[in-house]
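Colleague: Dumping the structure here so I can ask a few things about it.
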Amino acid sequence: MPPKPRDKKQSRNDTPREPKETTEKVVFINRCAKVVKGGRRFSFSALIVCGDQKGKVGVGFGKANEVSEAIRKATDASKKRMVKIAVQQNTIPHMVTGEFGGGRVLLRPASPGTGVIAGGGVRAVLEAVGIRDVLAKSLGSSNHANVVHATIAALTQLRLKEDVFRLRGKSIRKSEPAVQPAVA
């Protein structure tokens with residue numbers, strides 16, 4: 001009996017790896033020139049951050065002779081390397097510092113309505129994750145790639161209170177309000 005033919009729509013490469021609703025942000029595009037006999041040959045590299053704004057983010061780097069091709073390669077790479085981030089009510093659960101190469105990034109939770117106080121690559125990563133209220137400061141290198149990777153390193157260190165309690169084998173108690181003694 002011959003094997004059943006597959007539909008044209010369904011192939012092995014069509015397996016859904018990343019969510020359909022992702023946002024891509026171009027962090028940096030670099031132009032490099034190589035001097036040859038006839039003049040200059042330009043090549044481009046692109047640094048892209050991709051996220052679903054629901055707690056998943058990835059970063060990708062692509063190089064090509066055209067800008068659009070470099071962006072496409074970087075986008076594909078960022079979708080393959082997406083990681084899950086612990087987000088708590090549009091902010092982060094606790095203060096954290098991330099390091100990558102010479103880049104150091106400090107992230108602090110902020111009260112609702114503060115917004116994303118961050119610049120450059122840090123802002124792109126935080127918006128791609130879906131964090132709306134956070135304070136950030138880049139402390140080390142200003143290299144775009146190192147800052148973006150340091151931000152992702154910081155975000156991957158985050159843990160929710162419930163997860164930490166579960167790992168320690170403790171239960172979360174609901175705190176009762178303190179009873180004020182009656183003044184006679």
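Colleague: Give me a count of the residues in the range 97-115 that are buried (at least 19 other Cβ atoms within 10 Å of the Cβ) and either closer than 10 Å to LEU155 by Cα or in contact with a helix residue (DSSP H, G or I) (Cβ under 9 Å, 6 or more places away or on another chain) (or both).
Modeller: 6
Colleague: Identify the residue in the range 116-132 that is buried (at least 24 other Cβ atoms within 10 Å of the Cβ) and either free of Cβ contacts under 8 Å to residues at least 60 places away in the same chain or in contact with a Phe, Trp or Tyr (Cβ under 7 Å, 6 or more places away or on another chain) (or both) and, among all such residues, is farthest from ASN143 (Cα to Cα).
Modeller: ILE131
Colleague: Now a separate question. So, ALA118, is that one within 18 Å of ALA46 (Cβ to Cβ) and assigned by TED's automatic domain parsing to the domain that holds LEU160 or not?
Modeller: No, not satisfied.
Colleague: Same structure again: What are the residues in the range 30-73 that are in a strand (DSSP E or B), farther than 29 Å from GLN157 by Cα and either of a type in the set (S, T, N, Q) or out of contact with any helix residue (DSSP H, G or I) (no Cβ under 8 Å at 6 or more places or on another chain) (or both), if any?
Modeller: Correct list: ASN30, ARG31, CYS32, ALA33, LYS34, VAL35, VAL36, GLY39, ARG40, ARG41, PHE42, SER43.
Colleague: Filtering the range 155-171 down to residues that are in the same structural domain as GLY130 (by TED's automatic domain parsing) and touching a helix residue (DSSP H, G or I) at 6+ places or on another chain (Cβ under 9 Å), which residue is surrounded by the fewest Cβ atoms within 10 Å (Cβ to Cβ)?
Modeller: Per the stated criteria, the residue is ARG159.
Colleague: Another one. Filter the range 59-86 for residues that are without any contact (Cβ under 8 Å) to a residue 60 or more places away in the chain and touching a Cys at 6+ places or on another chain (Cβ under 8 Å); which is surrounded by the fewest Cβ atoms within 10 Å (Cβ to Cβ)?
Modeller: Filtering the range 59-86 for residues that are without any contact (Cβ under 8 Å) to a residue 60 or more places away in the chain and touching a Cys at 6+ places or on another chain (Cβ under 8 Å), the one surrounded by the fewest Cβ atoms within 10 Å (Cβ to Cβ) comes out as THR75.
Colleague: Please go through the range 95-113 and give me each residue that is over 23 Å from ASN146 (Cβ atoms), in contact with a strand residue (DSSP E or B) (Cβ under 7 Å, 6 or more places away or on another chain) and assigned to a loop (DSSP other than H, G, I, E, B), ordered by number.
Modeller: Once the filter is applied, which keeps residues that are over 23 Å from ASN146 (Cβ atoms), in contact with a strand residue (DSSP E or B) (Cβ under 7 Å, 6 or more places away or on another chain) and assigned to a loop (DSSP other than H, G, I, E, B), the range 95-113 yields only ALA110.
The values are calculated or read from the model by the stated rules, or taken from the named source; none is laboratory data. Predicted model, so just to flag it, every value in this text is computed and none were measured. Methodologically, a virtual Cβ is constructed for each residue, glycine included, from the backbone with ideal geometry; neighbour enumeration extends over all protein chains shown.
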